[in-house]
1. Calculate what fraction, in whole %, of the accessible area of the range 163-236 sits on carbon and sulfur atoms when a 1.4 Å probe is rolled over the protein chains.
2. Quick check on the chain: helices-only [θ] at 222 nm, where DSSP H runs of length 4 and up contribute -39,500 (n - 2.57) each and the sum goes over total residues. Nearest 500, please.
3. Could you tell me the convex hull volume per residue, in Å³, taken over the Cα atoms of the chain?
4. Across the range 67-72, in residue order, what do the Karplus-derived ³J(HN,Hα) couplings come to in whole Hz, using 6.51 cos²θ - 1.76 cosθ + 1.60 with θ = phi - 60° and x for Gly and Pro?
5. Would you kindly derive the ³J(HN,Hα) couplings of the range 86-95 from the backbone phi angles with the Karplus curve 6.51 cos²θ - 1.76 cosθ + 1.60 (θ = phi - 60°), listing them in order in whole Hz, with x for Gly and Pro?
6. Using R₀ = 30 Å, calculate the FRET efficiency as 1/(1 + (r/R₀)^6) where r is the Cβ-Cβ separation of H226 and S271; round to 0.05.
7. Give me a comma-separated list of calculated 3J(HN,Hα) values for the range 186-196, in order, Karplus coefficients 6.51, -1.76, 1.60 applied at θ = phi - 60°, integers in Hz, x for any Gly or Pro.
8. Do you know the relative contact order of the chain, to the nearest whole percent, from alpha carbon pairs under 8 angstrom that are 6+ apart?
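The values are calculated or read from the model by the stated rules, or taken from the named source; none is laboratory data. Just so we're clear, the structure is a prediction, and the values are computed from it rather than from any experiment. Here the Cβ is made from the backbone with ideal geometry for all residues, glycine too, and neighbour counts use every protein chain on show. Only protein heavy atoms, including side chains, enter the accessible area calculation; ligands, DNA and RNA are left aside. Shrake-Rupley method; radii C 1.70, N 1.55, O 1.52, S 1.80 Å.
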Amino acid sequence: MRTWLHPQWIFCFVALFGLGALARGQTPSPLQEWQYSSGIVLERMFEPAAPQIRAVAGVGAELLPAYDGSRAYRVRGGPAIDLRFKDVAFISTGDGVGYNIVHERRLVAGVSLAYDLGRKEREDYVNLRGMGDKPISVVPKAFATWVVSDRFPLVVRADLRHLLRAGGGTVGDLGAYLPLPGSSAKLAVFLGPSMTIGSRRYLRDLFGVSSSQAVAGGRDAYDIEHSGVAAMGAGLSATWRLSRHYLLNVDGALNWLGHEAADSPLVERVSAHALALSLDYRW
């Protein structure tokens, strides 16, 4: 049976499994949720004898909006870590600390504890004045990743997570990505879309403006009446194998806020982009 993946670069999914550049807030960031674990389920399919312990560590930087809807951008740097044991347990700056309840050849499903970095008023004081800070929050998450087939390795990923801070709400992602033809043992490239859906409480927490906040910040009050699409976007991830142990990861993404979020007086810009780079060492 002829597969989508050329035998010459099946190895790239063994050596170049996905690694999230940095830990981030679980908000509708321009970077897609699938970009923090791309390639891992494909590695299991094409290299069943993968080592029991896989470890990658490095440093990276991200260029992101100061907050979702901001016109201003900021650069954030930090560590990149991904440790996985027997396809069962993992610790990752992108996916959190988790356990794979199901780990079949084409299907992975599990739970994890991640975290949301919150939002500081000082990140863009001109536009966030009077809104107060959103504290860091623990985020329980359930997820599932499924590969369509060997011949057409489209990976579909869904997750559902809840922010435990006061007013945090529930949010979920549905995304898909595909390894692009032309990749090689030195290079793996993934491309795909994503949609983020938020509960009313979640959207109100990020984009709503109460009467007291409106007075403090000199803006109109804004309430959100319904759950809905928080954002839609597309991402591209590429990993270069520089040597036996060193990897260079580049992630780019575009994002568009849903209409409930886009109508908020806090939003200066409906579309946003992001770029993340990391240099990693694989044991």
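1. Answer for the range 163-236: carbon and sulfur cover 65 percent of the accessible area.
2. Working: 6 runs with 34 residues, N = 283.
Taken over the chain, the calculation gives -2500 deg cm²/dmol.
3. Spread over its residues, the Cα hull of the chain gives 109 Å³ apiece.
4. Those phi angles translate into 7, 5, x, 7, 7, 7 Hz.
5. 6, 6, 10, 10, 8, 10, 8, 5, x, 9
6. On the way: r = 22 Å, r/R0 = 0.74.
Taking R0 as 30 Å, the efficiency between H226 and S271 is 0.85.
7. With coefficients 6.51, -1.76 and 1.60, one gets 9, 8, 10, 10, 10, 9, x, x, 7, 10, 10 Hz.
8. Working: 771 pairs, mean separation 59.3, N = 283.
Computed value for the chain: 21 percent relative contact order.
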